[in-house]
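Peer 1: Have a look at this one before I ask anything.
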Amino acid sequence: MRCIYCYASAGENSPKFLQWEVAKAAIDLVAANAKKLGVKHFSVGFHGGGEPTLDWRLFTRCVEYSKKVSEEIGIKVLNSVASNAVFNNKQMDWILKNLNSMSISLDGPSDVQNYQRPLVNGKPSYDIVFKNLKRLDEAGFNYGLRSTITDYNVRRMSEIVEHFLDNFKTKQIHFEPLFFCGRCHTFKINAPNYRMFMREFLKAIVIADQHKVRLAYSGLRLGGLTSTFCGACGSNFSVTPFGDVTSCFEVTEKEDPRSAIFFYGKWQDAKKEFDIQEDKLDYLRSFHVQNISYCRDCLAKWHCAGDCLAKVAADADVEGERDSNRCRLNQEITKRRIMQFFVKPPKDEKVTKTN
Ligand code: SF4
Ligand code: SF4
């Protein structure tokens, strides 16, 4: 595909794929770690830059290998992928048989999807994704839908939820405001105004609530308490096509200045193993919200937990101030969502006149 806002540049540079030897070693390492810890399952996930199933042979080989390892060590493996769902029938047959879950990008009804997420040849993608979602629904497959919200579709968030509810059986919808980068400059597409995003999200979530479907935004997480925003704080083990080990799914290239924070290891071809920099890992593990003084008195402290480090690092020091629209959005939307839960809308009050 060639989505108009993507941080990966489809077709502009030749793609770089992970080496099988490195992928295999990563799966072996994670499985061995799971066995050592005595946990019930381990997870193997596939994520961009770009579409992670592009090298279909490598992707399927990794999944099949992880299942083989899982049988050998007697620990369940969960395989998941974040994908555009542009697959042919044969690929769909394989997915239904082999994966546990998927997060699928779909930005809305056909006009929105086809504008924001065209195929690489410029043709529409909606019908292909629609057909594949129907197959997932028929099979009762576990998937979520993820929509990127831009200044183009922000006023249509309720309509997008209704469209998904009318057409698909997913129980999880995720809206994320566009993070301005990559081709956004060329296509002149912008992030939504954060107040507009909040207003429209809070309308859309009422519709999702009524249908018992979970509508999520990463900065609004009232379902639990946490001291870290995500696994980028030292628990993700992600390997890039260049053999670098990163804790952040979005920071995958050495040229990205944020790699200085998130890269904490490298595949060593000569030794045939990953070299891990423990000091960098310790630094990532220090990003608990208790250590971020800016968040000390924030209402959303134990939900937002200092926010997505990659986004903070894009325009500020990760250790310092979060004084951004995204931080304001997270605070305000958390407050208003709590009010939605606990403050009942006023009944039609009869005004009685007293003297
Ligand atoms: S830091 Fe942000 S972009 Fe990176 S993995 Fe976490 S949520 Fe994703
Ligand atoms: S101050 Fe901002 S970044 Fe920190 S927890 Fe609150 S909303 Fe999140």
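Peer 1: Among the residues of region 210-227, are any touching a Gly at 6+ places or on another chain (Cβ under 6 Å) and either under 22 Å from Glu21 (Cα atoms) or away from ligand 2 (no atom under 16 Å from the Cβ) (or both)? Full working, then the answer.
Peer 2: Applying the first criterion (touching a Gly at 6+ places or on another chain (Cβ under 6 Å)) to region 210-227 yields none.
No, region 210-227 contains no residue that is touching a Gly at 6+ places or on another chain (Cβ under 6 Å) and either under 22 Å from Glu21 (Cα atoms) or away from ligand 2 (no atom under 16 Å from the Cβ) (or both).
One line per residue, one yes/no per condition, for (1) under 30 Å from Phe263 (Cβ atoms); (2) within 14 Å of ligand 1 (Cβ to nearest atom):
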| position | (1), (2) |
| --- | --- |
| Ala208 | no, no |
| Arg221 | yes, yes |
| Thr228 | yes, yes |
| Gly231 | yes, yes |
| Gly234 | yes, yes |
| Ser238 | yes, yes |
| Pro241 | yes, no |
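Peer 1: Sort through Phe175, Phe164 and tell me the only one that's in contact (Cβ under 8 Å) with a residue 12 or more places away in the chain, among the aromatic types (Phe, Trp, Tyr) and assigned to a strand (DSSP E or B).
Peer 2: On the way: Phe164 fails: assigned to a strand (DSSP E or B).
Residue meeting the stated conditions: Phe175.
Peer 1: Within region 325-338, is there a residue that is polar (S, T, N, Q), modelled with pLDDT under 95, farther than 28 Å from Phe237 by Cβ and in a loop (DSSP other than H, G, I, E, B)? Reasoning before the result, please.
Peer 2: Of all residues in region 325-338, those polar (S, T, N, Q) come to 325, 330-331, 334.
Pick out the ones that are also modelled with pLDDT under 95 and you get 325.
Remaining after also requiring farther than 28 Å from Phe237 by Cβ: 325.
Still in the list and also in a loop (DSSP other than H, G, I, E, B): none.
Scanning region 325-338, I find no residue that is polar (S, T, N, Q), modelled with pLDDT under 95, farther than 28 Å from Phe237 by Cβ and in a loop (DSSP other than H, G, I, E, B), so the answer is no.
Peer 1: Considering only region 253-276, state which residues are more than 10 Å from ligand 1 (Cβ to nearest atom), under 24 Å from Arg326 (Cβ atoms) and not acidic (Asp, Glu).
Peer 2: Within region 253-276, Pro257, Ser259, Ala260, Phe263 meet the criteria.
Peer 1: Name every residue in region 25-43 that is assigned to a loop (DSSP other than H, G, I, E, B) and surrounded by 11 or more Cβ atoms within 10 Å (Cβ to Cβ), in order of residue number.
Peer 2: Step one: of region 25-43, the residues assigned to a loop (DSSP other than H, G, I, E, B) are 38-40.
Once the filter is applied, which keeps residues that are assigned to a loop (DSSP other than H, G, I, E, B) and surrounded by 11 or more Cβ atoms within 10 Å (Cβ to Cβ), region 25-43 yields only Val39.
Peer 1: Residues of region 284-310 being touching a residue at least 12 places away in the same chain (Cβ under 8 Å) and not in a loop (DSSP other than H, G, I, E, B), which ones?
Peer 2: Leu284, Arg285, Val289, Gln290, Tyr294, Cys295, Lys301, Trp302, His303, Cys304, Leu309, Ala310
Peer 1: Right, another one. Which pairs turn up if I take residues in region 80-91 that are over 17 Å from Val63 (Cβ atoms) and look for partners that are part of a strand (DSSP E or B) and of a type in the set (Gly, Ala, Ser) with beta carbon separation below 8 Å, at least 6 apart in sequence or on another chain?
Peer 2: Asn84/Ser105
Peer 1: Which condition number does Ala300 fail, the rest of (1) more than 14 Å from ligand 2 (Cβ to nearest atom); (2) of a type in the set (A, V, I, L, M); (3) modelled with pLDDT of 95 or more being met?
Peer 2: (1)
Peer 1: Also: So is Arg328 more than 11 Å from ligand 2 (Cβ to nearest atom), surrounded by fewer than 20 Cβ atoms within 10 Å (Cβ to Cβ) and within 26 Å of Leu215 (Cα to Cα) or not? Show your work before the answer.
Peer 2: Values: more than 11 Å from ligand 2 (Cβ to nearest atom): no; surrounded by fewer than 20 Cβ atoms within 10 Å (Cβ to Cβ): yes; within 26 Å of Leu215 (Cα to Cα): yes.
Criteria not met by Arg328.
Peer 1: Say whether the condition of being touching a His at 6+ places or on another chain (Cβ under 6 Å) and either at pLDDT below 95 or in a helix (DSSP H, G or I) (or both) is met by at least one residue in region 178-192.
Peer 2: The initial filter retains those residues of region 178-192 that are touching a His at 6+ places or on another chain (Cβ under 6 Å), namely none.
No; the residues of region 178-192 include none that is touching a His at 6+ places or on another chain (Cβ under 6 Å) and either at pLDDT below 95 or in a helix (DSSP H, G or I) (or both).
Peer 1: Residues of region 303-324 being at pLDDT below 90 and within 14 Å of ligand 1 (Cβ to nearest atom), which ones?
Peer 2: Ala314, Asp315, Ala316, Val318, Arg322
The values are calculated or read from the model by the stated rules, or taken from the named source; none is laboratory data. Remember, predicted model here, so these are calculated numbers, not experimental data. When we count neighbours, we look across all protein chains shown, and the Cβ atoms used for this are built from the backbone with ideal geometry, even at glycine.
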